[in-house]
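Here's the structure, in structure tokens; my notes come after.
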């Protein structure tokens, strides 16, 4: 299932999803720059997505409800998406958007490891060979030695360490979500799956908001624009992702989504004034080139 070749339509669909998700994170950074906090953003985007899907389910009820085991997996994946959402937005708030997403988009590696650990599904040889190249490219993009910034390794890690940790935690969580979805609940109606996932993700973010003591809403029109766009873009993108990717195969095809940081890089430069050094761009292009090759390879 994970190894069949992609049609042109499926490949373009995954690219469209990646573009929406990249734009969503740029919109999120815009909202964060104007007073919104991570928990508030996740609460509103997840809640809005869950509400829209609930209305669709009310009008067109699924013909078959999940089994008991599927309910348990859906609850687990919903909590994991809540954690992933908080972590990836925390990374976006601390790093340049494109770099945060490059780190997060290592989730295909985590998906391969989770599939191997939980289901004995050994990663494809091409993915294994690509992993070191992805890591080298990511290291260049993040400037882990501090050469491009001139700060040196220690000072650079002080700047990027927390954001990178959040991004990798999000990648590990999301990789597990995709593997569990493909192997356990792919047969469940995609609208129902996503509605449950978004409801639980919203609950996780609301719990964090309650722990903080209050909501932190945008303080300007630009902030509200960012919050609105991230809600629409994320809701559309994640619904398509959870509906399409399990049917195409998680481990073999999820690397195509690594085009997302390129979209974010261009939009963040145009809209937020964020830029990175040429060597970092080279590292980002190396990562994207490898995953595009993985997505286009014949299997």
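Each reported figure results from applying straightforward, stated rules to the coordinates on display, with no laboratory input. What you are looking at is a predicted structure, and each value in this text was computed from that prediction instead of being measured. Cβ atoms come from the backbone with ideal geometry, glycine included; neighbour counts cover every protein chain shown.
Quick notes
- The convex hull drawn around the Cα atoms of the chain, when projected onto a plane and averaged over every direction, covers 15.6 nm².
- Most fluctuating residue given options 146, 82, 283, as computed from a GNM of the chain linking Cα atoms under 10 Å: 146
- Ascending count of other beta-carbon atoms within 10 Å, so fewest first, for 21, 145, 208: 145, 208, 21
- The chain: calculated mean residue ellipticity at 222 nm from DSSP helix runs of at least 4, using -39500 (n - 2.57): -25500 deg cm²/dmol
- For the chain, averaging the sequence separation of C-alpha pairs within contact (under 8 Å, six or more residues apart) and dividing by the residue count gives a relative contact order of 42 percent.
- Contact order normalised by residue count of segment 140-240, Cα under 8 Å, 6+ apart, percent: 15
- Of the residues 214, 275, 228, 85, the one with the fewest other Cβ atoms within 10 Å heads the list, and the complete ranking is 214, 275, 228, 85.
- With neighbours defined as other Cβ atoms within 10 Å of a residue's Cβ, the residues 89, 119 order from fewest to most as 119, 89.
- Residue of 266, 185, 128 that the Gaussian network model of the chain assigns the largest fluctuation, springs spanning Cα pairs under 10 Å: 128
- Residue of 268, 201, 153 that the Gaussian network model of the chain assigns the largest fluctuation, springs spanning Cα pairs under 10 Å: 153
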